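Read the structure below first, then the notes.
The values are calculated or read from the model by the stated rules, or taken from the named source; none is laboratory data. Remember, predicted model here, so these are calculated numbers, not experimental data. Cβ coordinates were reconstructed from backbone atoms using ideal geometry, including for glycine residues, and neighbour counts include every protein chain displayed. Side chains included, ligands, DNA and RNA excluded: accessible areas come from the protein's heavy atoms. Shrake-Rupley method; radii C 1.70, N 1.55, O 1.52, S 1.80 Å.
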Amino acid sequence: MMFDESDSPDAASTAIPLSRRQLLGAASALVIGFQLPGGPRAAQAAGPARGFAPNAYVRIGADGVVTIVVALVEMGQGTYTSIPMLIAEELEVDVQRVRIEHAPPDEKRYGHPLYGLQVTGGSASIPAGWKGLRQAGATAKVMLVTAAAHSWRVPESECRAERGSVTHVPSGRALGYGALATRAAALPVPKDVPLKDPATFRLVGTPAHRLDTPSKVNGTATFGIDVKRPGMKIASIAVCPFIGGKVGKVDSSKAKAVAGVREVLVADNAVAVVADHYGAAKKGLAALEITWDQGPNTSFSSKVWGEQLTEALKGKGLRGFDEGNVETAFASPQRRVDAVYEAPPLAHATMEPLNCTFHVRKDGCDVWLGTQAPARAQGLVAKVLGIAPEKVLVHNHLLGGGFGRKLDADYVETAAKLAKQVTYPLKVVFSREEDMQHDAYRPYFRDELSAALDAQGRLVGFRHRIAGSAVIARYSPAWTKDGLDTDAVHAAELPYDVPNRQVEFVRHEPPAGLMTGNWRGVGPTHNAFVNECFIDELAVLARADPVAYRAQMLGKTPRLLAVLKLAAEKAGWGATPAPGKGRGIALVDSWGCHGALVTDLTVAKDGSVKVDRMVCALDCGLAINPDGVEAQIQGGLVFGLTAALYGTLTIEGGRIVQSNFHDYAPLRINETPQIQLHRIPSTEAPGGVGEIGTALVVPSFLNAIFAATGKRFRTYPVAAEQLKSA
């Protein structure tokens with residue numbers, strides 16, 4: 001796979017990638033296979049070598065330049081810094097001096113250790129690479145030290161690797177990694193190389209400047225939408241707005257009369273106007289006269305969807321969790337509490353709308369885009385074009401936001417059907433309206449919860465029944481367990497010490513054509529809201545403080561208890577708030593992380609809500625880059641607060657109503673509260689922090705609304721009219 005500098009995801013800080021042949025080291029390097037969990041171990045040598053390539057993740061040239069190939073995409077979460085830090089720590093190089101390169105689609109070499117697929121998501125990048133990527137760096141370091149020892153004819157024990165060179169300690173002689181690359185490439189590959197004791201880390205655990213920041217600041221960073229190719233045309237696309245609908249009739253005469261418009265393309269449920277530039281394409285699309293075949297779902301609406309979920313819960317589902325004896329616990333409780341919650345469908349609304357650029361040729365196809373799943377995109381394009389996947393060269397770029405939307409490649413498939421009709425490079429741009437109205441939405445869920453309480457109001461029995469879409473079952477059926485979508489019930493069983501617990505999932509899918517997908521942690525972001533609000537209800541019924549009520553059920557989860565206490569302490573929990581002000585708390589134990597959030601807010605007499613402060617306590621294990629962790633939590637809280645305040649997505653007449661930021665608003669800078677993060681130092685293996693901040697927000701927010709107004713809301717967002725004069 002050949003790239004030029006314009007193809008690089010980060011031209012300012014990234015080396016120009018080698019060809020696929022060079023990357024494999026067919027004539028110039030040694031390839032060392034290391035084993036990530038679930039991955040193969042293999043070694044392949046070629047020589048005489050001019051460089052040193054410890055597998056497909058690390059290359060060291062004769063000039064001493066260290067290139068790290070990152071198989072996990074950068075969409076703002078800091079992957080291009082944290083992943084190299086793991087390798088650089090063991091390799092003993094300065095992470096600020098390495099060059100970063102994004103991996104090509106290749107699930108055999110770059111498949112996610114936990115998922116098998118080449119995807120970035122699930123807050124799993126760091127947990128997955130924690131040992132395996134360090135092993136890659138450590139193996140390379142050992143071989144470089146061995147090469148130096150052989151050069152000097154001294155014992156390896158007298159040599160030390162540090163800052164990109166190997167030093168013979170007794171004599172002070174030193175050789176840079178570049179000078180050792182050829183000799184190292186000729187050595188046998190050692191197995192089971194020991195890793196550094198975390199107590200000796202010099203890089204991991206310390207704040208590091210983001211490697212992708214300079215290019216993003218100076219404007220040289222290349223996102224998918226920035227791609228330019230010689231002779232390229234631009235297509236503005238309209239997809240049938242009706243769920244399950246398709247193209248009926250198209251009158252293109254007025255569109256073709258627009259200056260700059262070249263042609264009109266049609267594919268299944270989409271029409272595109274191709275022009276010399278985007279302005280002409282948009283103007284031509286507006287002039288296009290399209291009659292849509294509205295399909296079979298014009299009576300479908302948000303109301304109908306909700307009614308269908310209610311009906312679905314009358315049936316039997318699959319047991320996702322069962323502990324103790326729930327039936328006995330509910331046979332004769334001192335008190336039983338039942339509640340119904342609804343989690344609304346949500347859009348991703350990434351800042352960079354969907355886009356991809358194609359050049360379809362007789363001998364293959366190049367695709368430039370930003371995707372969380374490059375191999376998935378490659379496979380879909382190959383299927384559309386009827387060619388082998390290896391003939392589809394995917395050039396992945398920085399993503400202007402993903403949040404799970406770009407795990408799916410439906411838009412790439414649609415664009416491929418258009419691009420195969422032309423011979424020139426074609427950039428297909430989905431407007432924000434098209435993006436928002438044809439999203440892979442966070443599913444609509446309806447939850448029935450029941451609690452059995454003893455005489456003291458303590459929770460002795462818990463039942464949670466969920467109806468909704470099975471996102472994972474669609475995305476990767478192999479990830480389901482005994483037919484159960486495990487993500488749908490993720491975190492639904494409660495993190496508390498409850499002797500009798502049961503979770504049941506009833507799958508119900510919306511009509512074909514309305515796709516549901518991953519939304520910054522589907523299972524926990526949905527279930528944390530439901531459970532933590534319900535626990536607050538129980539605390540009120542027990543006349544107990546919400547923090548104290550939770551604390552007495554966390555004896556078996558000391559790390560979660562610690563963040564609960566820390567968040568309460570730092571927020572000043574227990575102080576009496578002024579009239580109209582409320583304080584709420586929520587806990588989440590997911591993705592290998594433990595988090596607590598206290599939200600302080602004010603409800604005005606007109607029903608408007610101002611979130612004043614968010615105090616988050618976090619135990620994420622060892623933080624690879626503490627600055628990155630803080631940024632992730634801040635971003636997650638803002639993303640979650642956007643949903644809590646403005647996450648209104650409605651369907652009427654078989655189509656999505658909202659279309660842009662005027663009716664699906666993001667949080668504005670002036671609305672962003674003060675955010676405090678208090679992280680508990682830990683030597684435990686690192687967890688993932690990309691989604692836990694988002695999962696904490698809605699329950700903490702709604703519990704604070706109750707504290708301020710005495711009104712309990714079991715769905716969101718809450719309209720100002722509902723809070724007026726509360």
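Below are the figures for this structure:
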item: Residue match in the stretch 566-584 (condition: assigned to a loop (DSSP other than H, G, I, E, B), of a type in the set (Lys, Arg) and more than 15 Å from Gln676 (Cα to Cα)); result: no
item: Residue check, Leu313 over 27 Å from Glu493 (Cα atoms), surrounded by 13 or more Cβ atoms within 10 Å (Cβ to Cβ) and in contact (Cβ under 8 Å) with a residue 12 or more places away in the chain; result: no
item: Criterion: under 22 Å from Tyr411 (Cα atoms) and touching a Phe, Trp or Tyr at 6+ places or on another chain (Cβ under 7 Å) - qualifying residue of Ile237, Ile225, Ile290; result: Ile237
item: Wholly enclosed helices (runs of 4 or more DSSP H) of the stretch 463-553 bearing at least 2 residues among the polar types (S, T, N, Q); result: 522-541
item: Pairs with Cβ under 6 Å, 6+ apart, first in the stretch 462-478 and more than 15 Å from Gly517 (Cα to Cα), second open to solvent by 10 Å² or more (accessible area, probe 1.4 Å) and among the charged types (D, E, K, R); result: Phe462/Arg501; Arg465/Glu448; Arg465/Glu504; Ala467/Arg446
item: Selection within the stretch 163-187 - free of Cβ contacts under 8 Å to residues at least 40 places away in the same chain, open to solvent by 30 Å² or more (accessible area, probe 1.4 Å) and of a type outside the set (Ser, Thr, Tyr); result: Val169, Pro170, Gly172, Arg173, Ala174, Leu175, Arg183
item: From Leu203, Leu211, residue being under 30 Å from Glu162 (Cα atoms), of a type outside the set (Val, Ile, Thr), open to solvent by less than 20 Å² (accessible area, probe 1.4 Å) and assigned to a loop (DSSP other than H, G, I, E, B); result: Leu211
item: Residue match in the stretch 383-395 (condition: in a loop (DSSP other than H, G, I, E, B) and open to solvent by less than 20 Å² (accessible area, probe 1.4 Å)); result: no
item: Test: residue in the stretch 420-430 that is modelled with pLDDT of 95 or more, open to solvent by 20 Å² or more (accessible area, probe 1.4 Å), aliphatic (A, V, I, L, M) and within 26 Å of Ser215 (Cα to Cα); result: no
item: Sole exception among (1) farther than 29 Å from Thr486 by Cβ; (2) crowded, with 19+ Cβ neighbours inside 10 Å; (3) within 20 Å of the chain's Cα centre (by Cα) for Val598, by number; result: (3)
item: Candidate set from the stretch 316-340 (those that are of a type in the set (Val, Ile, Thr) and more than 30 Å from Ile656 (Cβ to Cβ)); member that is surrounded by the fewest Cβ atoms within 10 Å (Cβ to Cβ); result: Thr328
item: Options Arg501, Arg543; residue that is of a type in the set (D, E, K, R) and in contact with a Phe, Trp or Tyr (Cβ under 7 Å, 6 or more places away or on another chain); result: Arg501
item: Checklist (1) surrounded by fewer than 19 Cβ atoms within 10 Å (Cβ to Cβ); (2) within 24 Å of Gln96 (Cβ to Cβ); (3) touching an Asp or Glu at 6+ places or on another chain (Cβ under 8 Å); (4) free of Cβ contacts under 8 Å to residues at least 24 places away in the same chain applied to Val145, failing item; result: (1)
item: The stretch 223-258, residues that are open to solvent by 20 Å² or more (accessible area, probe 1.4 Å) and hydroxyl-bearing (Ser, Thr, Tyr); result: Ser252, Ser253
item: Given (1) among the hydroxyl-bearing types (Ser, Thr, Tyr); (2) under 19 Å from Ala339 (Cα atoms); (3) open to solvent by 40 Å² or more (accessible area, probe 1.4 Å), index of the condition Thr486 fails; result: (2)
item: The stretch 716-726: number of residues that are assigned to a loop (DSSP other than H, G, I, E, B) and either surrounded by fewer than 18 Cβ atoms within 10 Å (Cβ to Cβ) or modelled with pLDDT under 95 (or both); result: 4
item: Those residues of the stretch 625-683 which are free of Cβ contacts under 8 Å to residues at least 60 places away in the same chain, of a type outside the set (A, V, I, L, M) and farther than 18 Å from Thr350 by Cβ, in sequence order; result: Glu630, Asn670, Thr672, Pro681
item: Considering residues of the stretch 346-357 that are open to solvent by less than 10 Å² (accessible area, probe 1.4 Å) and not in a strand (DSSP E or B) only, the residue farthest from Leu309 (Cα to Cα); result: Leu354
item: Candidate set: the stretch 546-576, residues that are among the β-branched types (Val, Ile, Thr) and modelled with pLDDT of 95 or more; chosen: the one surrounded by the most Cβ atoms within 10 Å (Cβ to Cβ); result: Val563
item: Hey, Lys417 open to solvent by 30 Å² or more (accessible area, probe 1.4 Å), outside any loop (DSSP other than H, G, I, E, B), within 29 Å of Gly279 (Cβ to Cβ) and touching a strand residue (DSSP E or B) at 6+ places or on another chain (Cβ under 9 Å) or not; result: yes
item: Residue match in the stretch 401-410 (condition: touching a residue at least 24 places away in the same chain (Cβ under 8 Å), touching a helix residue (DSSP H, G or I) at 6+ places or on another chain (Cβ under 6 Å), open to solvent by less than 10 Å² (accessible area, probe 1.4 Å) and at negative phi); result: yes
item: Residues of the stretch 664-702 satisfying the condition of being surrounded by fewer than 17 Cβ atoms within 10 Å (Cβ to Cβ), in contact with a helix residue (DSSP H, G or I) (Cβ under 9 Å, 6 or more places away or on another chain) and assigned to a helix (DSSP H, G or I); result: Glu671
item: Any hit, the stretch 226-233, residues being modelled with pLDDT of 95 or more, closer than 30 Å to Ser299 by Cα, part of a strand (DSSP E or B) and within 33 Å of the chain's Cα centre (by Cα); result: no
item: Residue in the stretch 148-162 that is nearest to the chain's Cα centre (by Cα), counting only those that are surrounded by fewer than 18 Cβ atoms within 10 Å (Cβ to Cβ) and part of a strand (DSSP E or B); result: Glu162
item: Among the residues listed as Glu89, Glu74, the single one being modelled with pLDDT of 95 or more, of a type outside the set (A, V, I, L, M) and out of contact with any His (no Cβ under 9 Å at 6 or more places or on another chain); result: Glu89
item: Residue ranges of strands (runs of 3 or more DSSP E) in the stretch 259-303 with at least 1 members in contact with a Cys (Cβ under 8 Å, 6 or more places away or on another chain) and open to solvent by 50 Å² or more (accessible area, probe 1.4 Å); result: 289-293
